[in-house]
Each structure stands twice: as C-alpha cells, then as structure tokens.
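The values are calculated or read from the model by the stated rules, or taken from the named source; none is laboratory data. It should be emphasised that the depicted structure is a prediction, and the values quoted were computed from it without experimental measurement. Please note: Cβ atoms are built from the backbone with ideal geometry, for glycine as well, and neighbour counts cover all protein chains shown.
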Amino acid sequence: MNTLLDISDLLRLTQEDLLENPGAVDVARTARLLRRLGRVAGSRDLLELTRRVRAEVTGYGPLQALIGPTTTDILVNGPHDVWFESGHGLERAPQARFADKHHLRNFATRLAASAGRRLDDAAPYVDARLPDGVRYHAILRPLGVQGPFVSLRFPAQHPISLETWLADEPAELLQIVRLMVTRRIAFLISGGTGSGKTTLLAAMLSASHPDERIIVVEDSTELMPQHPHVIHLQARQPNVEGNGGIDLSTLVRQTLRMRPDRVVLGECRGAEMRELLQALNTGHEGGCGTLHANTAHDVPARLESLGALAGLTPQAMASQAHSALDAIIHVERDELGRRHIAEIASIERNTAGLLSTTSILTLTDRRITRGPAWDHFALRLGWSAC
C-alpha cells in the first residue's frame, strides 16, 4: 500500500478533489478517495497515508519527518540527497527521498507559490520567507546542474534570550553584551554561515528597551526579535522583465523617515552598507547588522569591498566606518558544533588612513582575555560604574 505509485495516485486524486471540495486533508477524505481507487486500508495505514498526503499538499512532503524543535536547516541536493542540521552539524537523511526530479521540482514550485513568488524556467531561482517563517531558497536546472536544489532555514521555535545564547560563557560576558545594548553601542556581528549571527542579533535586540522603535531591513525576513515595537522592511526582487525591484539601499534610506530608534540591517553584503554607516553617523545610535567574515580581523577587508560596491574609496569607507561603528562581535562554532562568541574587537584607522581592528577581548575555553582596546571600550560601556 505504501509504494510511491500508491501515494502518487492518491495525491493526484486529492489535489483534484480539493479543487472541487476545499477543506482539510483528513482521514475521511483519504478513505473516500481510496475507495475511488478501489483500495482498502486498515486504520493504521489510513492514518499514515493521510499524514503523507497532507505533507505533500500543505506541508514539507518527504522532509516533514526531519522537522523538529532543534532543526535549523534542511538542504536538498537532489531527489535522493537530503541533509539536515539539528545542532550537531550536517547529517545525511537517507530516509527523506523524493520520487524523482519532477516530484522535487513540483515541491519547490509549490513552496515558492505559498510565499507569493514564482519559480519556473523564466524565474529559475527564488529567495523568500514562507508563511510559517521558514527562510526558503531554491534554484532550478540548468543553473543548478544536478538540481533542483532547495535550502530551508528554520527559525527557532522558542525565542532564545541572551542568557540562553551565552549560557556556557562567563557571566562577565553576558554583562558586557547587555551593556552594549543598553548603552546603544553600534556594532556588527561577524561570522561564517550557520555560526549564529542572526540568532545572537535577535537575542540582543530582544534585550532593547521596550520603548525603542526598531526597524529591520532584510532581503528576506529572517530576524525576529522578541520586542514589542519591531518594523520589518523587505527588499523586492525585480520581475522577469527586470522591473520593479526595490533594493536594501533604498529601504535603509526609507527607515530614516520612519522615526527609528535603531536601524538594523539583517545582513550587510552590498552597497547598502554605505547607507547604514551614513545613518549611524547622523544621530541614529545603536544601529547594528550582521556580516560574513572568517575572523574579526577580516572585517575591514570585507567593509572595503562593500564600500567599493557603493563607489567609496578605501579611505572614505574607513572614515565612515571608524566614526559609525563601535565594535565587532565575532561568533564561531567549535568542533562540537556549539555557537559561541570568539572575540569582540574595535574598528580603528591605521596610519595610512585605512581600517584595522584592535582586540577588545577574546574568549578561549570560556576564559576572557582583555585586549589593548578594552580600557577605552570599558569607558564607553560605563564599566567602571558596574
């Protein structure tokens, strides 16, 4: 009964039946459609078939069983090549299989449609947020050579507080990070993919004063702080004719007319970095964002490259970033996959007028080592009064 052919026939009938009789995919509907197929199923098989059909029609199909409280990512590299992460690094999931590439493409197209986006030969990739908050990316052949490829990033099912994120770190670090929020320090969180940048930023913003108005600008809504006054602005991709796109730079400029207390750029990866720095340099304290970088000391090079995209010389970017940013928080994952803060550094200008960093503190084996920039940063935090 549980062959791919059976579920395919039942799925086809269910989709046709839903067009004529909208409603839930329940046991009664499944039993009725099985009778039309000339099949009979016991109660256990009937429940299982209903679950599988419901997952195909309204859920995540063959991936549904991989989704749990700790799931952060599911990556589909082809019909029979699925990986997932639930806090222990990437693991293969041989039990999660699509029937073929056609089945996978239909799945990817359905998810795109649920987000109000198009995925077909004319628009062969999509980056969107699904209705349940999942970050969704898909790319079709021939752009994805062995595709379709699907990437799903799941938000935390329970909000993560600073205390939780820093539970394994020294209590002093929690106090420092909290002060960075309350003293309205302007900062960037750097790190690699999956290092916890967005989760940490959400936890820090959640610790902001409830009276503050936070405006978050992102390509696709992902940053969800637990705060009573958060406004989300999301970029719009151009249509297939190349018209109608609204980029992040435009949205950051719009925030300045919306009375923000904090301007937040979910991920800095283009010319919009110039707009954020200009905002921070014109009275909008406490702004922040995330940035991909291997170490805190690689951030100056990343900022220079982003500045070049915005038409800024290295010296101009150095001038803007040095006056706008107070600190870089660099996060990493250890050999066990646990996320942690590795370093906090300050942004400086060297004798050539270019950007550099100086360590404020580093963490090794849960021990804090204060760096050359600590004293100045401590004054900025008001640490002497703690």
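Being charged (D, E, K, R) and in a strand (DSSP E or B) is true for just one of Glu348, Glu335, Glu304. Which residue is that? Give the steps one after another, and end with the answer.
Working: Glu335 fails: in a strand (DSSP E or B); Glu304 fails: in a strand (DSSP E or B).
None of the others qualify; the one that does is Glu348.
For every residue, the table says whether it meets (1) of a type in the set (Phe, Trp, Tyr); (2) part of a loop (DSSP other than H, G, I, E, B); (3) farther than 27 Å from Ser86 by Cβ; (4) touching a Leu at 6+ places or on another chain (Cβ under 9 Å).
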{"residue": "Ser190", "(1), (2), (3), (4)": "no, no, no, yes"}
{"residue": "Pro210", "(1), (2), (3), (4)": "no, yes, yes, no"}
{"residue": "Val217", "(1), (2), (3), (4)": "no, no, yes, yes"}
{"residue": "Gln226", "(1), (2), (3), (4)": "no, yes, no, yes"}
{"residue": "Gln254", "(1), (2), (3), (4)": "no, no, yes, yes"}
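Can you tell me which residue within the range 221-261, out of those that are of a type in the set (Ser, Thr, Tyr) and closer than 21 Å to Leu306 by Cα, is surrounded by the fewest Cβ atoms within 10 Å (Cβ to Cβ)? If you could, list the steps in order and put the result at the bottom.
Taking the range 221-261 and keeping what is of a type in the set (Ser, Thr, Tyr), we get 221, 249-250, 255.
Now restrict to residues that are closer than 21 Å to Leu306 by Cα: 249-250, 255.
Working: Ser249: 19, Thr250: 15, Thr255: 24.
Here the answer is Thr250.
So Ala99 clears everything in (1) without any contact (Cβ under 8 Å) to a residue 40 or more places away in the chain; (2) in contact with a helix residue (DSSP H, G or I) (Cβ under 7 Å, 6 or more places away or on another chain); (3) part of a loop (DSSP other than H, G, I, E, B) except one condition, right? Which one?
Of the numbered conditions (1) without any contact (Cβ under 8 Å) to a residue 40 or more places away in the chain; (2) in contact with a helix residue (DSSP H, G or I) (Cβ under 7 Å, 6 or more places away or on another chain); (3) part of a loop (DSSP other than H, G, I, E, B), the odd one out for Ala99 is (1).
If the requirement is being under 28 Å from Asp247 (Cα atoms), surrounded by 23 or more Cβ atoms within 10 Å (Cβ to Cβ) and not basic (Lys, Arg), which of these qualifies: Ala321, Ala271, Ala308, Ala316?
Working: Ala271 fails: surrounded by 23 or more Cβ atoms within 10 Å (Cβ to Cβ); Ala308 fails: surrounded by 23 or more Cβ atoms within 10 Å (Cβ to Cβ); Ala316 fails: surrounded by 23 or more Cβ atoms within 10 Å (Cβ to Cβ).
Result: Ala321 is the single residue among Ala321, Ala271, Ala308, Ala316 that is under 28 Å from Asp247 (Cα atoms), surrounded by 23 or more Cβ atoms within 10 Å (Cβ to Cβ) and not basic (Lys, Arg).
Within the range 317-335, can one find any residue that is in contact (Cβ under 8 Å) with a residue 12 or more places away in the chain and over 29 Å from Glu275 (Cα atoms)?
The initial filter retains those residues of the range 317-335 that are in contact (Cβ under 8 Å) with a residue 12 or more places away in the chain, namely 317-333.
This time we only want the ones that are over 29 Å from Glu275 (Cα atoms), so: 333.
Yes, the range 317-335 has at least one match.
Tell me, please, whether a residue that is more than 29 Å from Leu140 (Cβ to Cβ) and surrounded by fewer than 17 Cβ atoms within 10 Å (Cβ to Cβ) can be found in the range 75-83. Break it down stepwise before answering.
Taking the range 75-83 first, the residues more than 29 Å from Leu140 (Cβ to Cβ) are none.
No, the range 75-83 has no match at all.
What is the one condition in (1) of a type outside the set (Phe, Trp, Tyr); (2) within 27 Å of Arg135 (Cβ to Cβ); (3) surrounded by fewer than 16 Cβ atoms within 10 Å (Cβ to Cβ); (4) modelled with pLDDT under 85 that Arg54 does not satisfy?
(3)
Within the range 148-188, how many residues are out of contact with any helix residue (DSSP H, G or I) (no Cβ under 8 Å at 6 or more places or on another chain), outside any helix (DSSP H, G or I) and over 16 Å from His227 (Cβ atoms)?
First, pick out the residues of the range 148-188 that are out of contact with any helix residue (DSSP H, G or I) (no Cβ under 8 Å at 6 or more places or on another chain): 149, 151, 153-155, 157-158, 167-173, 175, 182, 184.
Filter again for outside any helix (DSSP H, G or I), leaving 149, 151, 153-155, 157-158, 167-170, 184.
Right, trim to over 16 Å from His227 (Cβ atoms) and you get 149, 151, 153-154, 157, 167-170.
Of the residues in that region, 9 qualify.
How many residues, within the range 237-275, are at pLDDT 90 or above, of a type in the set (Gly, Ala, Ser) and out of contact with any helix residue (DSSP H, G or I) (no Cβ under 9 Å at 6 or more places or on another chain)?
Total meeting the criteria: 0.
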